[in-house]
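Values quoted throughout were computed directly from the atomic coordinates according to the rules given, and no laboratory measurement underlies them. This is a predicted model, so every value here is computed, not measured. Cβ coordinates were reconstructed from backbone atoms using ideal geometry, including for glycine residues, and neighbour counts include every protein chain displayed.
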Amino acid sequence: MIAELGHFALIIAFVLSLGQATVPLVGAQKGWVDWMRLGTPAAVAQFVAIAISFACLTYSFVVSDFSVKLVADNSNSLKPMLYKVTGVWGNHEGSMLLWVLILALFGGMVAVFGGNLPAGLKARTLAIQGMIGAAFIAFILWTSNPFWRMFPVPADGRDLNPLLQDPGLAFHPPFLYLGYVGLSITYSFAIAALIEGRVDASWARWVRPWTLLAWLNLTIGIALGSWWAYYELGWGGWWFWDPVENASFMPWLIAAALLHSAIVVEKRQTLKSWTILLAIFAFSLSLIGTFIVRSGVITSVHAFASDPTRGVFILWMLVIAIGGGLALYAWRAPQMRAEGVFAPVSREGGLILNNLLLTVSCAVVFIGTLAPLFREMYDGQKISVGAPFFDATFTPFMILLAIALPLGAILPWKRGDLSKAGKKMIKASVVVFLIMALIWGLSADRSPLAPIGIALAAWVIFGVVVELADRSKLGKAPVSETLRRLVNLPRADWGKSVAHAGFGATIFGIAAVSAWEVEDIRLAAPGDVIEIGGYEVQFDGVRAVPGPNYQADIGRFTVYKDGEVDTVVFPEKRFYPVQRTPTTEAGIHSGITRDIYVVLGDPMDGGVQWAVRTYVKPYANWIWLGSIIMALGGIISLTDTRYRVGAVKRAKQKAPPSAVATPAE
Amino acid sequence: MRWLLIALSLAIASPAFAVQPDEILDDPELEARARDISKDLRCLVCRNENIDDSHASLARDLRLLVRERLVAGDTDDEVYDYVVDRYGEFVLLNPRLTGSNLIIWLSGPALLIIGGALAYSFIRRRPTEALAARPAGLSDEEAKRLAELTKD
């Protein structure tokens with residue numbers, strides 16, 4: 001009964017989305033206010049209907065209703081409650097329902113919080129959002145319905161893939177979807193602006209917070225996925241350049257570019273058509289990502305579905321959304337005029353360089369990810385494009401980006417002076433070079449990886465410090481004045497500084513762990529001591545322990561530093577009988593300066609010896625810490641009063657008194 | 001798809017352990033080279049996993065093969081050639097810098113140069129054009145309102 005209710009609510013949502021897609025759009029074209037206003041209740045009602053539908057599916061999972069085929073295929077009565085709930089989106093059908101739930105959530109948020117939007121823009125934006133919703137709900141209803149029953153009802157379910165039974169991966173999809181489905185709003189805003197034929201500073205101001213919200217959730221989602229891969233998939237790799245990872249990384253890169261170009265539109269009235277194009281690309285890449293993951297066109301660990309009818313359906317959505325968007329762009333964009341004039345060396349110039357590097361690096365990932373597919377279609381030849389290729393071709397762009405970032409960030413608008421900017425950074429660059437020389441001098445292998453990577457990280461972080469010091473007149477004004485200036489800096493500027501510092505921290509983590517990781521592989525018997533990276537790791541033994549829905553062999557390793565006990569870690573080998581799958585759970589002791597990472601392998605010689613892998617991974621956590629700081633920067637920026645709901649209205653009310661005040665002076 | 005299923009069932013039947021202690025060569029220099037080569041070779045029955053990380057038994061065979069060739073005195077390039085002769089280019093995670101692969105390798109730098117040139121010409125071209133044109137489609141009142149809206 002509950003499943004049927006969910007199914008019915010989804011059908012209602014489909015009908016509502018059709019109404020939302022057409023009525024406000026017609027109203028906006030004809031100037032019928034009543035019709036335009038209908039977008040708001042339709043978007044809210046659509047969200048409520050999908051939320052009910054999602055709640056019904058969740059209920060079926062929670063009570064283990066195995067008469068619902070999806071539950072029987074992906075759940076099990078013994079599974080812990082957390083994974084019964086997160087199992088809702090641990091499969092194709094459920095994750096698509098989560099997709100449309102978040103799509104409708106964003107539509108609903110624009111409907112509710114978009115009170116200050118011009119009626120026409122709001123109506124058109126909601127209509128476009130309705131079209132995307134209608135397409136995806138149709139996709140679920142006709143190709144991926146999660147509510148089908150099965151008969152006879154099985155006694156128990158087939159359980160969720162054990163790799164997914166993990167807190168990191170449980171919360172990875174919701175954040176990821178908040179990110180890349182959230183970009184649908186920027187797309188809808190861009191298409192609405194193209195239909196209206198005008199893009200101005202206020203448009204950029206309305207779009208930026210939505211982009212920011214999507215981008216920061218995508219940042220958290222990608223970081224969670226990477227962290228999960230680090231501790232779950234085996235040897236502590238944190239990025240594999242897997243097509244599925246790339247699918248989420250490409251929209252992230254473009255969203256980051258979009259955030260920066262929208263600033264130029266807002267402040268300087270230029271780069272308008274480019275910003276619109278980025279908005280179209282960002283969501284297009286989200287759709288392409290969905291296609292890659294959901295169609296199974298490039299199979300990987302994450303790809304659950306491989307039914308071609310689904311792939312073809314998504315492909316058509318891609319063609320219409322991307323092709324339609326670009327056609328509209330080609331028709332309308334030439335009408336947009338850039339106004340602000342600026343020199344190549346200026347903040348605008350710096351932001352253009354940022355956009356160039358981010359979009360080209362995204363193109364590199366795109367080409368590398370899809371090359372095997374195109375090559376096979378072209379001449380049937382199978383090739384692979386993997387991590388070594390991306391490391392070699394993607395990294396240079398990030399190095400250029402990190403070098404340019406501090407300089408671009410302190411350049412003034414319109415016209416800057418590179419030597420002046422250089423002078424501000426002179427102390428920082430001396431320190432950076434000293435750090436580089438020191439690390440290079442101390443290194444045993446004379447590899448450039450650590451010196452360059454860490455110097456870059458320091459350069460980016462010092463850049464943030466120099467900019468803040470410069471803006472607060474540190475050392476040039478009394479301390480109280482400096483503090484006052486720091487406190488009065490707009491939140492958006494604080495957000496920028498924090499996010500850039502986070503980027504620096506991530507570079508540091510990546511460079512340090514790539515250059516300084518040490519590894520030990522051996523057969524060890526209980527009592528053996530492994531000396532590694534200044535630690536002594538003693539293998540105490542292994543015991544068998546039953547888990548809730550698995551059996552485990554848990555090893556115990558005591559880690560000594562300078563003869564004292566530093567920590568104890570417990571790596572596990574698990575076996576999930578329902579899915580007949582083994583997994584390894586590394587024993588990790590996380591720290592700010594290093595992770596101790598121990599993996600228990602198979603027993604040898606009848607359990608006398610065990611294969612053991614031990615790693616010391618310096619500063620590994622900085623990779624995710626930096627990502628979280630980046631997302632935090634986004635949150636701080638979002639709280640800026642300029643982006644708050646109604647900010648534009650308030651500014652308008654304030655304007656008259658100041659206009660009166662000017663002539664009085 | 002069938003080979004994938006076979007591979008999966010093999011992997012489940014014999015859960016091995018990436019590089020196993022018994023595979024490691026006595027000569028640390030040769031072993032380091034073997035590890036580096038292994039990171040560039042794809043485990044043929046896995047998805048996007050190199051043989052150094054892979055649990056599959058086929059990956060183990062390849063790891064042993066690489067070490068065998070190195071011990072026999074092959075250079076790194078000879079090892080790659082040997083493996084490609086037997087398994088095809090699909091085995092290389094780092095596509096070779098030849099033929100149509102050049103497109104994949106060179107598109108990044110090429111796009112950077114083209115994009116840079118376009119961006120530069122956009123910045124340079126703008127002053128005269130912007131001076132000639134008034135903000136398009138905006139009445140005086142709208143322009144004033146816009147100025148108010150964008151004021152910080």
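Structural remarks
- Measuring nothing but how far apart in sequence close Cα pairs (under 8 Å, 6+ apart) lie, relative to its length, segment A:516-595 scores a relative contact order of 18 percent.
- Contact order, relative form, for segment A:378-494: 24 percent (alpha carbon pairs under 8 Å, 6 or more residues apart, mean separation divided by residue count).
- Chain A: relative contact order in percent, alpha carbon pairs under 8 Å with at least 6 residues between: 11
- For segment A:360-496: Kirkwood Rh in Å [reciprocal of mean 1/r, alpha carbons]: 18.3
- Calculated [θ] (222 nm, deg cm²/dmol) that DSSP helices of n ≥ 4 give over chain A, each run adding -39,500 (n - 2.57): -21500 deg cm²/dmol
- When the inverse distances between all different Cα atoms of the protein assembly as shown are averaged and flipped, the Kirkwood radius reads 28.9 angstrom.
- Inter-label distance for A:A444 and A:Q29, nm, one decimal - labels placed 7 Å from Cα along Cα-to-Cβ: 7.2
- Taken along the Cα-to-beta-carbon direction at a fixed 7 Å, the label points for A:F8 and A:V487 span 5.9 nm.
- Selection among A:A515, A:A501, A:N488 by position relative to the dipole of segment A:482-528 gives A:N488 as farthest towards the positive end (Cβ unit charges, Cα centre).
- Anisotropy class of segment A:237-291 from Cα gyration tensor, a/c 1.5 cut: oblate
- Isotropic mean projected area of the C-alpha convex hull, segment A:538-619 (nm²): 6.3
- The order of A:H92, A:H7, going from fewest to most other C-beta atoms within 10 Å of their C-beta, is A:H7, A:H92.
- Candidates per trypsin sites (Lys or Arg not before Pro) in segment A:572-621, loop by DSSP, up to 12 other Cβ within 10 Å: A:R580
- Taking the Cα centre of chain A as reference, the dipole from Cβ charges on Lys and Arg (+1) and Asp and Glu (-1) amounts to some 3260 debye.
- The protein assembly as shown - Cys residues lacking any other Cys C-beta under 4.7 Å: A:C56, A:C362
- Normalised by 2.2 N^0.38 Å, where N is the number of residues, the alpha-carbon radius of gyration of segment A:10-49 equals 1.12.
- Cα gyration tensor shape for segment A:275-409, rounded if a/c is under 1.5, else prolate or oblate: oblate
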